[in-house]
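Any read-out appearing in this document is the output of simple, stated calculations on the displayed coordinates, not a laboratory observation. Treat the numbers as computed from the prediction; the structure is a model and nothing was measured. Quick reminder, even Gly has a Cβ in these numbers, built from the backbone with ideal geometry, and neighbours come from all protein chains shown.
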Amino acid sequence: MQASLWSNIIRFVFLVAVQGLVLEHIRLPGNLHWMVYPLFVVLLPLQMPAVTLLLSSFAAGFCVDCLCDMPGLNAAAATLAAFVRIVYFRLRPTKDVLHDSDLAGTPSPSSMGWGGFLSYSAWVVFFFHAGYFFLEAFSFRNFFYTLYLVLGSSLLCIVSLVVAVTFFRAGNNKR
Amino acid sequence: MNQILQLLKKNLYLVLFVLLETIALVLFFSNSQQPSARLYELCTAVRGRFLSIGGDVRSKKALKSEIDCLQQENAWLRACLETSRLALQHDGGSVPDSAYAQRYDFLCAHVVHATLNMANNYFVLDAGRSEGVAEGMGVISPCGIIGIVDKVSEHFCSVLTVLHSQSLVSVSLASSGYTGSLSWPGIRCDEAELSDIPSHIQIRKGENVVTSGLSAVFPGGIPVGCVEGVLSKPGEDFYRLKIKFSEDYHRVDLVYIVKDLYKEEFETCKHPSGRI
């Protein structure tokens, strides 16, 4: 538990700093946004209470907001992502998705299988980006363009997630 | 009562979700209001420190093209100094040299942070209240216009750029002098839309578009872009024109903040409902 707590705190600081100080200044072709801090929401421990989950996601979003000077935008999107995560696990009883022994750990392909893990993270990441871009545009004027941004950026985020998970699993079963 | 409490406890996460979303949305929408200004100011100050380090490095790299740019800038300034002045006599006849008073003053600043891929884009400049920057001042660059100062902290300010969905700038066609308003339809950061030009006049492709000078924000005659095509259908009363910006917003570094020395006097004479 203690180790898990610390690894999550380190992940929080690392991802928020990378997002706010580095990735925000990188301009990608096609106006896509490269978001990595939703990984924090995706990788929070499975047994975490819903309330803590929402609060820590909100905190992550709020910190990124402060670094990117868009008060509320990231906080709203991250809270939505955490809510989707909670609803996802309510709708799909944990037994189906997980082996009982792995309940304590973070969501991972080894505990949920690649299919389960990817579908779970795709939902969370998609809703995060949908919330982010539609709130940011705050209109449906360029609906399909915004949708393209949502899907493109979600794909980028999921690729980062897969790379990060594979990389850190290969090293040790921590992170 | 007990049951309600039980229900509440069971769905605590739902209540918290709504609460947190509300906080976030209130923060998001009150962005331009006074209460969050203090938070914003703090954040800008911290960010500004970080960003000006990166900005310094980039400035050095771009020094060579900067010099070329500055020369052009000087040439332009010599050519149109009169647009920055205000004629004191309108009698006609011989006008002595001293009949002009300085109307616009220009402050130099650097862009320390810029967003271009949002639906509403802002720039952060390294000039603030201590340099005399105030809300509502115009910002121009050597090749075009940037926007209007939105918020000011002690050493930094943020600019609501022309690449913002709420941006509306009064511009005119350089050749005919007809005035219209320039807005940004989104998506591409090199294109804008010019509306309210009466459709009885001839439009040439490539025609220059300049600021009209009808507001106290920008002096007249500052280049904005050129006409690239007509968006409105034949038969409509007003043209909607596609404008290509003359400034490449990806590589803006050096900008000028326009200070109107007669702003207050101008505002007192303006009709209350008048917009910029």
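Below are the figures for this structure:
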item	result
In order through the stretch B:256-268: 3J(HN,Hα) via Karplus (6.51 cos²θ - 1.76 cosθ + 1.60), integer Hz, x for Gly, Pro	10, 9, 8, 10, 8, 6, 10, 4, 4, 4, 4, 5, 5
B:Ser141 long-range amide H proximity, modeled H, under 5 Å	B:Ile146, B:Tyr256
Alpha carbon centroid spacing (whole Å) that separates the stretch B:197-276 from the stretch B:139-196	8
Peptide-level mean, for A:144-153, of C-beta atoms on other protein chains within 10 Å	1
3J(HN,Hα) from dihedral phi, the stretch B:15-28, Karplus parametrisation 6.51/-1.76/1.60, rounded to Hz, x for glycine, proline	4, 5, 4, 4, 4, 5, 4, 4, 4, 4, 5, 4, 4, 5
Mean Cβ count within 10 Å, highest first, over the residues of peptides B:154-161, A:15-22	B:154-161, A:15-22
Under 5 Å, built H, 5+ apart or other chain: amide partners of B:Gly225	B:Val209, B:Ser246
Packing-based order for B:210-217, B:230-237, A:146-153, using average beta carbon neighbours within 10 Å, highest first	B:210-217, A:146-153, B:230-237
Relative contact order (%) - criterion: Cα under 8 Å, at least six apart; region: the stretch A:2-171	24
Distant-in-sequence amide H partners of B:Val133 (H built 1.01 Å from N, under 5 Å)	B:Gly128
Tilt relative to chain A, helix A:143-171 - C-alpha long axis, 0 to 90 degrees, to 10	30
Integer Hz, Karplus 6.51/-1.76/1.60 couplings in order for the stretch A:62-70, x for Gly and Pro	5, 5, 5, 4, 5, 6, 9, 6, 10
Of the trypsin sites (Lys or Arg not before Pro) in the stretch B:128-219, those whose Cβ has at most 16 other Cβ within 10 Å and which sit in DSSP loop	B:Arg188, B:Arg204, B:Lys205
Shielding score for B:119-129, defined as the mean number of other chain Cβ atoms within 10 Å	2
Anisotropy class of the stretch B:139-265 from Cα gyration tensor, a/c 1.5 cut	prolate
Compactness of the stretch A:1-93 as Cα Rg over 2.2 N^0.38 Å, two decimals	1.11
Rounded D (µm²/s) - chain A, Kirkwood Rh over Cα pairs, Stokes-Einstein at 10 °C, 1.306 mPa s	97
Shielding score for A:50-59, defined as the mean number of other chain Cβ atoms within 10 Å	4
